[in-house]
Every structure is written in structure tokens, then in C-alpha cells.
1. Give the residue that is surrounded by the fewest Cβ atoms within 10 Å (Cβ to Cβ), with candidates limited to residues of region 19-61 that are in contact with a Pro (Cβ under 7 Å, 6 or more places away or on another chain) and aliphatic (A, V, I, L, M).
2. What's the number of the only condition in (1) within 17 Å of Glu101 (Cα to Cα); (2) modelled with pLDDT of 80 or more that Arg39 fails to meet?
3. Does any residue in region 103-114 that is in the same structural domain as Glu85 (by TED's automatic domain parsing) and touching a residue at least 40 places away in the same chain (Cβ under 8 Å) come within less than 7 Å, Cβ to Cβ, of a residue that is surrounded by fewer than 16 Cβ atoms within 10 Å (Cβ to Cβ) and not aromatic (Phe, Trp, Tyr) six or more places away or on a different chain, and which pairs are these?
4. Of Asp69, Asp19, which residue is of a type in the set (Asp, Glu), part of a helix (DSSP H, G or I) and modelled with pLDDT under 90?
Amino acid sequence: MAASRAGHLVGARADRFLDLIGGAVANPAGRVRVVATLRADFFDRPLQRHPFAGVYRTSVVALAPLTPDELERAITRPAADRGVEISAGLLARLIADAQAEPGALPLLNVTLHELWSRR
């Protein structure tokens, strides 16, 4: 594990972490795959690390923000799978808040987790 400061990898440990991931993923005989999320304002940072940059450049899948309908499904389907119905008012508020804030999906995730744990 790499050390963190306010949730960010720092210093030599961050460099080593990216080097190890880049090397493992770039190994043609390897079976390592990495799925990671990255905020748009940090998008260029992995490009500054070799060999990670080569893997990153060819493997990025950029996702557009979810539409209101996609947000609704992302909220209601997992709840429905567990027999939970979300009120129309709460659903509308969650969708509006998620649309108003760039990068809101992690916050939406935390909110839904908290609501689930307090049910």
C-alpha cells in the first residue's frame, strides 16, 4: 500500500506505485488488469509517469456524465433489487444534486450507502 496525504499518493511511494502498476499491466505475459477512476482535473498526471504513461495512453475509456435517466436507474435499480423503494421526492433531490456538481458520483455513492445503513 502507498502512503497518502488527504487521500492522495505522495512522493516516492506514489512514483513506485505507478511504476509497479505500469510494469505489471505492460507485461505481455501478465494477466494484470487495472480499473481505476480519475477526476478530469487529474487526467494528465499518469501521463507524466513512464512506463505507466504508455499503458494509460492506449487504455483510457472516458465516460460522459450520466443523464438524468441514467442517474435514476443507477439509484433505483440496486434499491429495487433489494426490495427498497425510493420516494419520488428523495429521488428528484438526489438526481438534481448529482447533476449540479461535477464528479458527484462518488458523493452520491456515499449518500446512498449512508441511507442504506440507516434504513
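The values are calculated or read from the model by the stated rules, or taken from the named source; none is laboratory data. Given the structure is predicted, the values throughout are model-derived calculations rather than measurements. Virtual Cβ from ideal backbone geometry, glycine too; neighbours counted across all protein chains shown.
1. Selected residue: Ala26.
2. (2)
3. From region 103-114, the pairs are Gly103/Arg39.
4. That would be Asp19, the only listed residue that is of a type in the set (Asp, Glu), part of a helix (DSSP H, G or I) and modelled with pLDDT under 90.
Here is a yes/no grid of residues against (1) surrounded by fewer than 16 Cβ atoms within 10 Å (Cβ to Cβ); (2) at positive phi; (3) modelled with pLDDT of 95 or more; (4) not in a loop (DSSP other than H, G, I, E, B):
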| position | (1), (2), (3), (4) |
| --- | --- |
| Pro65 | yes, no, no, no |
| Gly89 | yes, no, yes, yes |
| Leu94 | no, no, yes, yes |
| Pro102 | yes, no, no, no |
